[in-house]
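Shown below is the structure under consideration.
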């Protein structure tokens, strides 16, 4: 497409401009129209199916229903959840207006769950407060809102412009007067003159990179790229709490919530791998997320949403909600893994970081009327800093913004001054510059790199050192972003979004640097400053853009509480805002002196020109020879970057180059090379020269290197049995584990058995599993020895391995006796081992195991009995097991009987 001139544009005008057609934006437009204003609603997608409500919502998280909860209780709970840093006047609006909003939405056609007596079926999810109101048919909520927008009384006042993306709010004399953007289908340049502007662009959801690596596989709606955060910042508005990130629990490997809010009232609950509830926090907060992450990272992880214990009817009801609303692909995801809620609990993890008032406490600073610090500019929804506002709060503040904006307009159309042409030209350049460089780096590559920096240096746990690198990296990327290429209007939209992401990333990093304490649990976890400091930081930390373009910070005192909360004391009434001089990023020329004053050698941190050279070199697809000088650089950071470049490019001879790096003097380089070899194992040639290159590293002093080389040799089928036998004598258990795996790959049962007395429980368990995998009956003696071990997990593994060798006599009788062991893990292992025993020995004991008090033992018994279902007594037992209280047991019993001859 050709670049239009700044003068060749579509010019629109309205009383109230609403940017964003999601939850808050549609409500703002409806309310402003009801107040008589002419409204222009801009949406870069299509209002009918845009925003976080695009696929509906399965429930309200913060419904303050009379008789179920009080506004005061709700305000106090949100205050505690946010460690006291709240403007209670904003939270109070949601608390007091939420019920009326529920009634209003009902009038529009949104359905909320009620009991047989017509009362709202409010549920308690956390230990404090009953605020969850299910929406079993919430998938249609956006459709309902769009229908209201298209009613004649509203349509006459609201002009909807779909596929128009604003990039800047225009200001004149300090007041918001409009916006500038473009059509994402035609590329047409668009300006809007308005009496007031309402930003409702949602969260900054595309900030961190999800674990999947997919740019758009985010927890939040991926179209929410921080557009409004960037527009508010460049308009001069204050943003607050940007260091308080959003991090949510979600389904592992899936970009959606596990929906404990929906499942918990049905009897579901979160457990660790031991089946134990572990969350101590009484309310949704960063502290709760810290507990979740701690559990995941511990030996008790992973964690799960436990549903398998629920009856079939309940699970069917849950599926009717979870598989149709908000993330309707959940059912497809589970089915693709052969899972459903009857047979598998849902593994949970944590999301990437984002900025979201709705789930955290970050966003554009607003008062109780949704006004920002720029006259004529409003913010609502997940964009606004109203802590834990959720869907009902988004509707409430959309309503507040629409009402106040329509009553406090600037000059009406016809009497307004001309829009500021200098700002229009700057926005024009921002939008269309990628067209001048169509062969420049594509947006996906640049965005991926940017968001990897966010993950690596901004995500918690945070430190000054990492945040300094982040600030420098984001500044450096301005030039790279300016050089992105595009050819179509759609690509222009994505390029503009990357500029928004970069702005949000820098704000997040600088805010995290400035608040020199830890607060809000995981959301602002400063590992180098782990304590909360109320004396210095019982303040809101706001940021804004100065006229000279610099970012400055303002400490705003917490306003006196409307609802006292005894845990917190706010500053006295005389306290006022304090403008801070932001701490400059750490100098990258040298590391500061140690506290003791001892001299330390200067070290470049991310500033070596060699790093930039490597970046440029990587674009050319270099061979090993071109990268080799960087592997010999005196700076370990350069050598580590060279390893990364090798991994990225994977040229011929990469195995040898990485093998050489395994001998590097610096541990970080060695471990980067070890990681790279494992990452590239599927593309490395399985040739004798590669084996010869890797073998010397088996003598490395670094156990991580030795273990990695063994792993790669096994995967490539290049390691001889003798190599793995020798590694069994290694002093480090991680190496011995890889040795066992290698010997199993060689079916070397006798050699695996020699490790049965290993000092490491993990190795002994690997031996048991390995012997079962090999399946050599001669391993009975070794397994018998493991069965007599003192460690329950080792014994359990050994019993389970009996199935692999046919559960021979007399070990079959030993397994029968173990069905009475005090440890449920041992009983479960014995049940599984007996699956390979004779029916005469195993069937009756397994039938009795169906009465075991532990559900996992009963489940294992049902599965093992499937092998004996031609025995009448077993069929009868399986039939009875269909009435077992545990859903897994019932499901496997039905499955076994359905396959019976």
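Suppose we keep only residues that are part of a helix (DSSP H, G or I) and modelled with pLDDT under 90 within the stretch 662-690. Which one would you say is surrounded by the fewest Cβ atoms within 10 Å (Cβ to Cβ)?
Here the answer is 679.
Kindly indicate the residue of the stretch 42-61 that is more than 14 Å from residue 142 (Cβ to Cβ) and assigned to a loop (DSSP other than H, G, I, E, B) and also modelled with the lowest pLDDT among those meeting that condition. Steps first, answer last, please.
Taking the stretch 42-61 and keeping what is more than 14 Å from residue 142 (Cβ to Cβ), we get 42, 44, 59-61.
Filter again for assigned to a loop (DSSP other than H, G, I, E, B), leaving 44, 61.
On the way: 44: 96, 61: 78.
Ranking the candidates gives 61 first.
If you don't mind, another one. When you scan the stretch 21-41, do you find a residue that is surrounded by 21 or more Cβ atoms within 10 Å (Cβ to Cβ), at pLDDT below 90 and within 24 Å of the chain's Cα centre (by Cα), even just one?
No: the stretch 21-41 contains no residue that is surrounded by 21 or more Cβ atoms within 10 Å (Cβ to Cβ), at pLDDT below 90 and within 24 Å of the chain's Cα centre (by Cα).
Further question on the same structure: Quick check: anything in the stretch 392-402 part of a loop (DSSP other than H, G, I, E, B) and modelled with pLDDT under 95?
No - not one qualifying residue is present in the stretch 392-402.
What are the residues in the stretch 214-233 that are farther than 21 Å from residue 43 by Cβ and free of Cβ contacts under 8 Å to residues at least 40 places away in the same chain, if any?
217
Need the failing condition index for residue 231 against (1) surrounded by fewer than 23 Cβ atoms within 10 Å (Cβ to Cβ); (2) assigned to a helix (DSSP H, G or I), just the number.
Failing condition for residue 231: (1).
Additional query: Among the residues of the stretch 235-272, what is the count of those that are closer than 30 Å to residue 549 by Cβ and either at pLDDT below 90 or buried (at least 20 other Cβ atoms within 10 Å of the Cβ) (or both)?
11
Please pick out the residue among 138, 129 that is on the phi > 0 side of the Ramachandran plot and modelled with pLDDT under 90.
129
In addition: Please determine whether any residue of the stretch 32-39 is touching a residue at least 60 places away in the same chain (Cβ under 8 Å), within 20 Å of residue 427 (Cβ to Cβ) and not in a helix (DSSP H, G or I).
The answer is no; no qualifying residue exists.
While we're looking at this one, here's another question. If you take the residues in the stretch 784-803 that are assigned to a helix (DSSP H, G or I) and surrounded by fewer than 22 Cβ atoms within 10 Å (Cβ to Cβ), which one is nearest to the chain's Cα centre (by Cα)?
That would be 793.
Kindly indicate whether residue 325 is touching a residue at least 24 places away in the same chain (Cβ under 8 Å), surrounded by fewer than 22 Cβ atoms within 10 Å (Cβ to Cβ), not assigned by TED's automatic domain parsing to the domain that holds residue 510 and not in a helix (DSSP H, G or I).
The answer is no for residue 325.
What number of residues within the stretch 514-541 are in a helix (DSSP H, G or I) and crowded, with 24+ Cβ neighbours inside 10 Å?
Residues in the stretch 514-541 being in a helix (DSSP H, G or I) and crowded, with 24+ Cβ neighbours inside 10 Å: 0 in total.
The values are calculated or read from the model by the stated rules, or taken from the named source; none is laboratory data. What you are looking at is a predicted structure, and each value in this text was computed from that prediction instead of being measured. Cβ coordinates were reconstructed from backbone atoms using ideal geometry, including for glycine residues, and neighbour counts include every protein chain displayed.
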